[in-house]
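Chemist: My structure is below; once you've seen it, I'll send some questions.
Values in this text are rule-based calculations from the coordinates and carry no lab data. All of these numbers come straight from a predicted model, not from anything done at the bench. A quick note on method: Cβ atoms are made from the backbone with ideal geometry, for glycine too, and the neighbour counts reach across all protein chains shown.
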Amino acid sequence: MKMSSKWITSAAIGIGSFALALGSVGVAQAHNSEGGSGTGGGKRGGPQSSLIADGTITQAQADAIRTAVKEALTATEAGVLAQMVQNGTLTQTQADAIAAAETRRDKGALIQNGTVSESQLQALRAAMHEAMEAGKGQVLQSLVTDGTITQSQADAIAEAKSQGRRGMRGEGSQA
């Protein structure tokens with residue numbers, strides 16, 4: 001693989017990877033805006049829900065975080081899928097089908113109809129997890145850099161996420 005191609009793929013993965021870890025912020029915020037209690041007591045709530053309620057972040061900031069997370073997830077998945085096509089793990093047709101699948105159920109249907117194998121989806125999950133670990137903090141840092149949130153708010157979000165992770169193992173994964 002050309003060095004520039006590796007760099008572009010790595011950049012796409014790195015920029016979006018923390019989004020997986022932050023995904024629950026968007027889910028918690030969405031739960032809160034749909035009439036959830038914001039206390040973190042529900043399956044999809046979490047410590048992050050209270051950040052809006054206690055005034056740590058505003059609704060507009062929560063919306064900006066959710067948008068950044070969604071964009072980063074899309075970019076990360078696109079980068080990981082491109083890498084998997086390039087290394088022969090997937091065909092372009094398979095990668096396109098996975099990209100079009102919006103839910104875990106949709107991805108499961110791809111196994112059922114023979115489009116992809118279970119081991120290919122497991123490889124995707126592993127690659128997405130690796131990308132997440134490689135780029136932790138980049139989404140929040142970009143929001144700090146552009147002035148959407150302060151460093152103090154980013155620290156509070158990261159802390160809420162680290163506290164919430166223990167009680168949310170395995171929930172919310174879409175890969």
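Chemist: What are the aspartates and glutamates whose alpha-carbon lies under 12 Å from the alpha-carbon of residue 107, with same-chain residues fewer than 8 places away excluded?
Modeler: List returned: 96, 118.
Chemist: Suppose each label sits 7 Å from its Cα in the direction of the beta carbon; what would the residue 71-residue 151 distance come out to in nanometres?
Modeler: 2.3 nm
Chemist: Based on the Cβ-Cβ distance of residue 111 and residue 63, what FRET efficiency does E = 1/(1 + (r/R0)^6) give at R0 = 35 Å, to the nearest 0.05?
Modeler: 0.50
Chemist: Cβ neighbours within 10 Å, averaged per peptide: list 89-98, 68-77, 107-116 in order, most packed at the top.
Modeler: 68-77, 89-98, 107-116
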